[in-house]
Amino acid sequence: MFQLLHKFSLIFLLLSLITVAPATYAETFKVGYFISRTADDMFYGPVVGFMQAAADDLGVELHIIEANDDHLLGHEKARELLFPTPQLDAIIAISVKESGARILKLSEQAGVPVLIENSAILDKAIGSPRQYFQNYIGEMLPDDEMAGYELAKYLIQRSSKSSEDGAVNMVAISGPYGTSASIQRERGLQRAIEEYSKTNLLQIVRANWERGRARRTFNKLILRYPNVDAVWTASDGMALGVFDALTTLAPNYRKNILVGGVDWSREGVEGVDLNQIQATAGGHFMEGAWALVVVYDFLNGHDFMDSEGLKMKTNMSLITKENFEDYAPLIEKNNWKKINFKSFSKTHNPEIAQYNFELKAVLDALDLEP
């Protein structure tokens with residue numbers, strides 16, 4: 001009888017140890033992040049900084065691969081990192097001029113999973129995630145159409161208040177062809193124009209995200225349309241280029257022209273605070289970190305296909321003078337270290353059914369109120 005009880009005691013002890021044993025994770029995953037410009041770029045600087053804070057928390061070895069505005073360079077660097085032996089466990093890639101498609105084809109041969117982030121693959125032959133390419137595990141994109149719409153709506157509403165008949169004359173400066181961000185933001189702009197019938201969209205031009213080019217472009221636009229009320233731009237850099245041009249105009253004249261951009265870059269947010277521009281739509285600088293959390297969990301066996309779906313969308317918000325104090329702490333680099341990125345991960349929190357990457361969740365992590 002004693003021997004039988006002793007056996008049961010040993011079995012119970014072993015089961016108890018199995019139950020409380022901590023989960024084990026890979027020591028270090030190596031993840032490559034392919035960006036279209038450089039890590040010191042106005043937009044990519046915060047993206048990489050926020051993402052690195054997440055990588056530090058998750059124990060991920062993050063490799064930043066810069067294309068420096070050469071969409072073919074990413075393909076060459078991907079080949080070096082994937083062959084003959086893959087040096088990366090996974091790839092997160094921003095697709096500009098179909099750079100994502102080129103990287104994806106290489107990763108498929110190498111057997112390395114790829115998540116497309118921020119800017120979509122436009123080539124229909126690639127198909128949806130996991131349709132033709134098994135290692136095309138998913139995409140995570142910001143709601144660029146909503147950002148373009150909300151920015152246009154804000155500028156229209158503010159401009160119409162100062163107009164006797166509520167009519168608004170607007171010009172738009174967009175990004176380059178061949179990027180989903182430009183396409184979707186312009187769609188949002190057009191939706192707002194259709195909604196506000198008294199708004200006249202005089203012209204859309206392109207400045208390829210460049211501040212200097214936007215300045216030169218607007219100098220020509222203002223000669224053609226001297227009665228313009230608002231300038232919608234698809235990036236903060238271009239919005240600040242318009243501001244640079246406006247500084248050469250008479251003070252009373254430039255005060256009547258409202259300008260907005262997209263990105264939540266440090267310069268753009270500061271521009272709102274200094275009344276250089278009136279609004280910036282963004283928050284998507286955090287998306288690289290969220291993509292990293294998803295990829296990290298995927299590598300640890302937590303597939304997002306059934307819970308989030310293969311095409312994930314992240315929200316963007318507008319920073320204006322009215323809410324500047326609420327959102328400005330989010331772009332402070334020192335605050336990013338206060339966020340426990342493990343708290344967003346399913347690997348470390350098995351009870352999480354769906355990811356919560358909403359702005360409020362980040363503010364809560366920083367103990368801030370929106």
* For LYS346, which aspartates and glutamates qualify as cross-link partners when the Cα separation must be under 13 Å and same-chain residues fewer than eight apart are set aside? -> ASP297, ASP303, GLU308
* **Gap separating the Cα centres of region 223-278 and region 106-121, nearest whole Å** => 37 Å
* Asked: For region 164-206, what's the relative contact order in percent, using C-alpha pairs closer than 8 Å and at least 6 residues apart?
  -> 61 percent
* Structure fact -> Given a 1.4 Å probe, the accessible area of the chain per residue, as a whole number of Å², is 47 Å²
* Expressed as a rounded percentage, what relative contact order does region 134-188 have, with Cα pairs under 8 Å and six or more residues apart? -> 52 percent
* Asked: What percent do you get for the relative contact order of the chain when only Cα pairs under 8 Å and 6+ apart count?
  -> 16 percent
* Say R0 is 25 Å: what FRET efficiency, to the nearest 0.05, do LEU249 and TYR177 get from their beta-carbon distance? -> 0.25
* Shape call, region 19-159: gyration tensor on alpha carbons, a/c limit 1.5 -> prolate
* For a paramagnetic label modelled at 7 Å from the Cα of LEU363 toward its Cβ, which residues of region 309-334 fall within the zone defined by backbone nitrogen distances under 12 Å? -> 317-319, 323-330
* Structure fact -> Karplus-derived 3J(HN,Hα) from phi for region 197-210 (6.51 cos²θ - 1.76 cosθ + 1.60, θ = phi - 60°), whole Hz, x at Gly and Pro, runs 5, 8, 9, 9, 7, 6, 6, 10, 10, 10, 10, 6, 6, 9
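For ASP306 and LYS161 in the same chain, what is the full-extension length gain: residue separation times 0.36 nm, less their Cα-Cα distance, in nm?
Gain in length upon complete extension: 47.5 nm.
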* Mind checking which of TRP232, GLY127, LEU115 is farthest towards the positive end of the chain's charge dipole, using Cβ charges of +1 (Lys, Arg) and -1 (Asp, Glu) about the Cα centre? => TRP232
* **Protection-proxy order for peptides 148-157, 165-174, each taking the mean of Cβ atoms within 10 Å per residue, highest first** => 148-157, 165-174
* Asked: Say each of THR38 and ASN349 gets a label point 7 Å from the Cα, pointing the same way as Cα to Cβ; how far apart are those two points in nm?
  -> 3.7 nm
* Structure fact -> Within the set ALA239, ALA93, ALA125, GNM on the chain using Cα springs under 10 Å gives the largest fluctuation to ALA125
* **Förster-model FRET efficiency, 30 Å R0, TYR225 and LEU274, C-beta, rounded to 0.05** => 0.75
* If a helix is a whole DSSP H run, which ones in the chain reach 24 Å or further along their own axis (Cα) and hold a mean Kyte-Doolittle hydropathy of at least 0.0? -> 2-20
* Of the residues LEU88, LEU249, LEU58, which exhibits the maximal mean-square fluctuation in a Gaussian network model of the chain defined by a 10 Å Cα contact cut-off? -> LEU249
* Structure fact -> Karplus ³J(HN,Hα) for region 348-361 (6.51 cos²θ - 1.76 cosθ + 1.60, θ = phi - 60°; Hz, whole; x = Gly/Pro) runs 8, 9, x, 6, 6, 8, 9, 5, 10, 9, 5, 4, 4, 5
* Structure fact -> Counting only protein heavy atoms with a 1.4 Å probe and every protein chain in place, the carbon and sulfur fraction of the accessible surface of the chain in whole percent equals 51 percent
* **Options (i) 45, 24, 17; (ii) 65, 26, 18; (iii) 36, 23, 19 - which one matches semi-axes √(5λ) of the Cα gyration tensor in Å as calculated here** => (i)
* To do: Given the options ASP89, ASP326, ASP273, state which has the largest fluctuation in a GNM of the chain using a 10 Å cut-off (strictly under) for Cα springs.
  => ASP326
* Separation of alpha-carbon centers, region 185-207 and region 318-341, rounded to whole Å -> 29 Å
* To do: Step through the table entries LYS311/LYS342; LYS97/LYS161; LYS313/LYS342; LYS255/LYS333; LYS313/LYS333; LYS198/LYS311, compare each Cα-Cα distance with 29 Å, and write down the pairs that go over it.
  => LYS97/LYS161; LYS255/LYS333; LYS198/LYS311
* Asked: Which peptide among 351-358, 128-135 comes first, and what is the full order, when sorted by highest mean count of other Cβ atoms within 10 Å?
  -> 128-135, 351-358
* Amide H to amide H under 5 Å from VAL168: which residues, 5+ apart in sequence or cross-chain, H placed 1.01 Å off N in plane? -> THR199, ASN200
* **Interchain or long-range residues, amide H under 5 Å from LEU258's placed H** => ALA230, VAL231
* Structure fact -> Counting only DSSP beta bridges fully inside the chain, the antiparallel percentage to nearest 5 is 10 percent
* Structure fact -> Residue span THR28 to GLN134: 0.36 nm per residue of separation minus Cα-Cα distance leaves a gain in nm of 35.8 nm
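The values are calculated or read from the model by the stated rules, or taken from the named source; none is laboratory data. The structure displayed is predicted, hence computed values, not measured ones. Methodologically, a virtual Cβ is constructed for each residue, glycine included, from the backbone with ideal geometry; neighbour enumeration extends over all protein chains shown. To get the accessible areas, we keep the full protein, side chains included, count just its heavy atoms, and leave off ligands, DNA and RNA. Shrake-Rupley method; radii C 1.70, N 1.55, O 1.52, S 1.80 Å.
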